[in-house]
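I have placed the structure first, in the form of structure tokens, so that the comments after it can refer back to it.
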Amino acid sequence: MSQRYVVTGAAGFIASRVARLLLDAGHEVVGVDNLNDAYDPRLKQWRLAKLQAESRFRFTELDVAHHQQVSDFFAATAADGDRPIAAVLHLAARAGVRQSVEMPHVYVETNVTGTLNVLEACRTLGISKFVLASTSSLYGDTTETVFREDMHSSRPLSPYAASKKGAEAMAFAYHRLHNIDTTVVRYFTVYGPAGRPDMSVFRFVRQLIEDETITIFGDGSQRRDFTFVDDIARGTILGLKPIGYEVINLGSDRPVELMDVLEKIAQLAGKKPDIRFLPAHAADVPATWADVTKARNLLGWQPQVSLDEGLRQSIQWYLENRSFAREIVL
């Protein structure tokens, strides 16, 4: 049955794939995004143009941190059309660990206040399902090898992680007070075509193909649970299931050293990397590894795309869009 969904951050890397999969399933999607310049807006415009080619996609430019804009948008959206808003998939956020250290106020405004504003709109209009995108950064620097959802997460290492913890707490409060059914999905190192240019896979692909020097923070031994964007988007949509309030990891469950990822991309691209090593950032964690048992049991989800296949698709996208992708500011 076709439904009507609001997707915030719709021009973003993950949210645009979520919107795409919802549209492919026959649903109507109302997307919002403020199209900020946290990274090169040309990528956001490219993703958005693909969605706007669909008749069942409608877009509004707004900033979720502005309460009145959010309130007016949801009221107008609820009054427009012949079907109610079935759920909100709230993926709008300021992302990035290092940048949050330099500008923490923006992260709190977008990630905490923005989440509050969207939750208030859900409460006001009686929208009973809320999916919140969160992050593996919440687990911080832990001695645990595998990250489970019930682990300690109240000692974040960056303002970004702290702001997402605040968003999760706000969502729980609205669940308890106003019976909003909430799924919180914690993402682990998402990569893929048209990915964020501040993330390692996009940078490595671009710098290798364009014969640029590659910067590695630390010695490259840090391990990340690289997860393909389509797997993440599928898991996010499965989170629409009525669930009460649950926090669920979405990751590949196969952490890989950063240098190994660079080596794989170099082999696939037929290039030899020129590497410059810089000191590790204090806000970076040494390793992430998702326990996805809960996602498997509650959502019937598990990752499907291998790292080799995901990297191949990332390189292919870059080559097909090289005319503008080579100019993207990293």
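The values are calculated or read from the model by the stated rules, or taken from the named source; none is laboratory data. Note that the structure is a prediction, hence the values are computed from the model and not measured. Glycine gets a Cβ as well: all are built from the backbone with ideal geometry, and neighbour counts include every protein chain shown. Only protein heavy atoms, including side chains, enter the accessible area calculation; ligands, DNA and RNA are left aside. Shrake-Rupley method; radii C 1.70, N 1.55, O 1.52, S 1.80 Å.
Overview of results
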{"quantity": "Residue within segment 154-166 that is open to solvent by 60 Å² or more (accessible area, probe 1.4 Å), within 26 Å of ARG296 (Cα to Cα) and not aliphatic (A, V, I, L, M) present", "calculated": "yes"}
{"quantity": "Qualifying positions in segment 314-330 - closer than 29 Å to ALA161 by Cα and open to solvent by 40 Å² or more (accessible area, probe 1.4 Å)", "calculated": "VAL329, LEU330"}
{"quantity": "Tally of residues being assigned to a helix (DSSP H, G or I), open to solvent by 30 Å² or more (accessible area, probe 1.4 Å) and not acidic (Asp, Glu) across segment 16-68", "calculated": "12"}
{"quantity": "Strands (runs of 3 or more DSSP E) enclosed by segment 189-288 - at least 1 residues per element that are open to solvent by less than 20 Å² (accessible area, probe 1.4 Å)", "calculated": "213-217, 245-250"}
{"quantity": "Unique residue being under 29 Å from LEU311 (Cα atoms) and among the acidic types (Asp, Glu) when the list is ASP150, ASP181, ASP141", "calculated": "ASP141"}
{"quantity": "Hits in segment 90-119 (condition: buried (at least 22 other Cβ atoms within 10 Å of the Cβ) and over 18 Å from LEU35 (Cβ atoms))", "calculated": "SER100, THR115, LEU119"}
{"quantity": "Scope segment 85-110; condition at pLDDT below 95 and closer than 23 Å to TYR5 by Cβ; matching residues", "calculated": "ARG94, ALA95"}
